[in-house]
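Working notes for the structure below.
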Amino acid sequence: MMLAAFPDAAPLQGLIGGVLIGLAAALMLLGAGRIAGVSGILARGTGIGGGSMSMSSAWSFLIGLPLGALIIANTTDWQPANFVGWPALIIAGLFVGFGTRMGSGCTSGHGVCGISRLSQRSIVATLTFIASGVVTVFVLSKVGG
């Protein structure tokens, strides 16, 4: 049964997704002793970052991210969002990559794992991410983006 067939299922879908993200983060921390921060795992997988995670484990994790989305896209009626195009996506990705290096982590590492550990640094970083997003949406809404 697909949850998307029910119009009032969105809160339930969000709850299930949140529980699965939390469970995955907890399993990664308990099983591998690693924070499930995607930017750190990507840095390890590409060889630009250190850490205790093996390169093969990092690549397994990284391949699993789009593979999971592909499975969901092919087994449900979910469709990915449209975006403005590859050039804007690449530029945005570079900005995000720069920000994650500068902030010593990404939203998954700070927002999901760091806040759950009550890390003050992660709380400040997550508040900064949210504030930056609010400012970006405000500015783009005013300039017609």
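The values are calculated or read from the model by the stated rules, or taken from the named source; none is laboratory data. Just so we're clear, the structure is a prediction, and the values are computed from it rather than from any experiment. As a convention, Cβ positions derive from the backbone with ideal geometry for all residues, glycine included, and neighbour counts pool all protein chains shown.
Under 7 Å between Cβ atoms, at least 6 apart or on separate chains: pull out the pairs that start in the range 43-65 with a residue that is free of Cβ contacts under 8 Å to residues at least 40 places away in the same chain and end on any residue that is of a type in the set (D, E, K, R) and assigned to a helix (DSSP H, G or I).
Cβ pairs passing all conditions: Gly51/Arg44; Met53/Arg44; Met55/Arg44; Ala58/Arg44.
Condition first: at pLDDT 85 or above and in contact with a helix residue (DSSP H, G or I) (Cβ under 8 Å, 6 or more places away or on another chain). Now tell me which residues in the range 90-110 satisfy that.
His110
So which residues in the range 67-92 are small (Gly, Ala, Ser) and surrounded by fewer than 11 Cβ atoms within 10 Å (Cβ to Cβ)?
If the condition is that a residue be small (Gly, Ala, Ser) and surrounded by fewer than 11 Cβ atoms within 10 Å (Cβ to Cβ), then Ala81, Gly85 are the ones that fit.
Do we find that Ser104 is assigned to a loop (DSSP other than H, G, I, E, B), surrounded by 10 or more Cβ atoms within 10 Å (Cβ to Cβ), out of contact with any Leu (no Cβ under 7 Å at 6 or more places or on another chain) and hydroxyl-bearing (Ser, Thr, Tyr) in this structure?
When the stated conditions are applied, Ser104 passes them.
Output the number of residues of the range 51-66 satisfying the condition of being of a type in the set (Ser, Thr, Tyr) and surrounded by 10 or more Cβ atoms within 10 Å (Cβ to Cβ).
Residues that pass the stated criteria total 3.
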